[in-house]
Amino acid sequence: MKTLLVILCVATVAYADERCESMGGTCQLDSLACVNGHYRSGLCSGGADRRCCVPSIYCGDVQVITRAQWEARDPISKSTMPTPVDLSFIHHTAGNSCYNIDDCCAQMRSIQNYHMNDNGWNDIGYSFLIGEDGNAYEGRGWGVEGAHTSGYNDVSHGMSFMGTYMSRLPNTAAMDACYDLLQCGKDEGFITRFGHCIQGHRDAGTTSCPGDALYNDMQSWPEYC
Ligand SMILES: [Zn+2]
C-alpha cells in the first residue's frame, strides 16, 4: 500500500510540473531568485509559493512571451512569406486589456481559440500581440503569412494591442513595447530598415480597428503613411 501511495504521489508531481517544464521553466519556491527569468503562477504542484521560473526572452529591448510560454495550440498549417516586408498594420483586439503575464497569456489562449474555432483560421490571426504589461506576445511570428488584414496578409505583419482603444490610448508600456518590437523586426531583418510604412487596419478596409483614439494618435507616428 505504501509503495502504491509513493508511486501515485510521484506521478502526480511529475504531471503537475509538466506545464512549467514544457515552456522551459523550473518549478521552485518563489523565495528563490528566478535568475534571467520571471515567475508564473499555477503551473507547478505544491503550495502557491512553488512557482514556475520561466526564462525571459527578448527581441531587442522588448520581452517576447513565446508560444510555448503562453501555451499556444499548434497551427493547423503555416505559410511563410518573403522578408523583409515594408508594411506593418496596427490593430486592437477590441477585447479586454491585460496588465500581467498570467492574465495576458489567458487572453492569448482565448483569442487563439476564437480565431481557430469560431473564425476557422489556421492559427491566431496576428503576427504579434502587445499587452499593457509592456510585453509582446508571439502570434504567428515574423515572416509568417497572417490573417489580420484582408489583401495584405502575405506582405505585412499585423501587430495588435490587447484591449479596446476607441476612447483611450494603450498605456506607455504597451506603446513602448510596440515601438521596440518594430525596431527589433528591422534589426533582425524581418522589416525593411528604410521605407517602412505603418498603417491602421481601417486604412485597408471597413473596420473601426485599431480604435479611434489609437488611430488618431498613429497619424503623428513618423512611419505612418
Ligand atoms: Zn484589426
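What percent antiparallel are the DSSP beta bridges of the chain, to the nearest 5?
Numbers: 14 of 30 bridges.
In the chain, approximately 45 percent of DSSP beta bridges are antiparallel ones.
Between rounded, prolate and oblate, where does region 62-218 land on the alpha carbon gyration tensor, with a ≥ b ≥ c its root eigenvalues, rounded for a/c under 1.5, else prolate if a/b exceeds b/c? Spell out each step's value before the answer.
Working: a/c = 1.20, a/b = 1.03, b/c = 1.17.
It is rounded, given that a/c, with a ≥ b ≥ c, falls under 1.5.
Please give the FRET efficiency for Asp103 paired with Lys78, using the beta carbon to beta carbon distance and R0 = 25 Å, rounded to the nearest 0.05. Numbers along the way, then the final one.
Details: r = 27 Å, r/R0 = 1.09.
Working from the Cβ atoms, E equals 0.40.
Can you give the net charge of the other residues whose Cβ lies under 15 Å from the Cβ of Cys20, counting K and R as +1 and D and E as -1?
-3
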For Tyr137, distant residues with modelled amide H under 5 Å away: Ile65, Leu129, Ile130, Gly131
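Pull out the extension gain between Ala213 and Leu29, defined as 0.36 nm times the separation in residues minus the alpha carbon to alpha carbon distance; nm, one decimal.
Working: separation 184, 0.36 × 184 = 66.24 nm, distance 4.28 nm.
Extra length from Ala213 to Leu29 when fully extended: 62.0 nm.
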Amide H contacts of His92 (H built 1.01 Å from N, under 5 Å, at least 5 apart or other chain): Phe161
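Quickly estimate the mean residue ellipticity at 222 nm for the chain, helices only: each DSSP H run with n ≥ 4 gives -39500 (n - 2.57), and the total goes over all residues, rounded to 500.
On the way: 5 runs with 61 residues, N = 225.
The helix contribution divided over the chain gives -8500 deg cm²/dmol.
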Please report the spacing between the Cα centers of region 23-67 and region 90-108 in Å, no decimals. 19 Å
Residues other than Cys98 with Cβ under 9 Å of its Cβ, Lys/Arg counted +1 and Asp/Glu -1, net out at -4
Rounded to the nearest 10 degrees, the helix 2-22 long axis (Cα) sits at an angle to the longest Cα principal axis of the chain of 20 degrees
For helix 101-113, report the angle its Cα long axis makes with the longest principal axis of the Cα atoms of the chain; keep it between 0 and 90° and round to the nearest 10°. 70 degrees
Rounded to the nearest 10, the angle in degrees between the Cα long axis of helix 172-187 and the longest principal axis of the Cα atoms of the chain comes to 80 degrees
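What net charge is computed for the residues neighbouring Gly146, neighbours being all others with C-beta under 9 Å from the C-beta of Gly146, Lys and Arg scored +1, Asp and Glu -1? Intermediate results must be reported in sequence, preceding the final value.
Details: positive: Arg140; negative: Asp123, Glu145, Asp154.
Net of charged neighbours comes to -2.
Packing-wise, with mean Cβ within 10 Å as the measure, how do 121-131, 157-167 rank, highest first? Could the numbers behind the result be given before it?
Numbers: 121-131: 25.5, 157-167: 22.6.
Packing order, densest peptide first, comes out as 121-131, 157-167.
The numbers here are math on the coordinates, done by the rules we state, and not lab data. Since the structure is predicted, the reported quantities are computational estimates derived from the model, not experimental observations. Please note: Cβ atoms are built from the backbone with ideal geometry, for glycine as well, and neighbour counts cover all protein chains shown.
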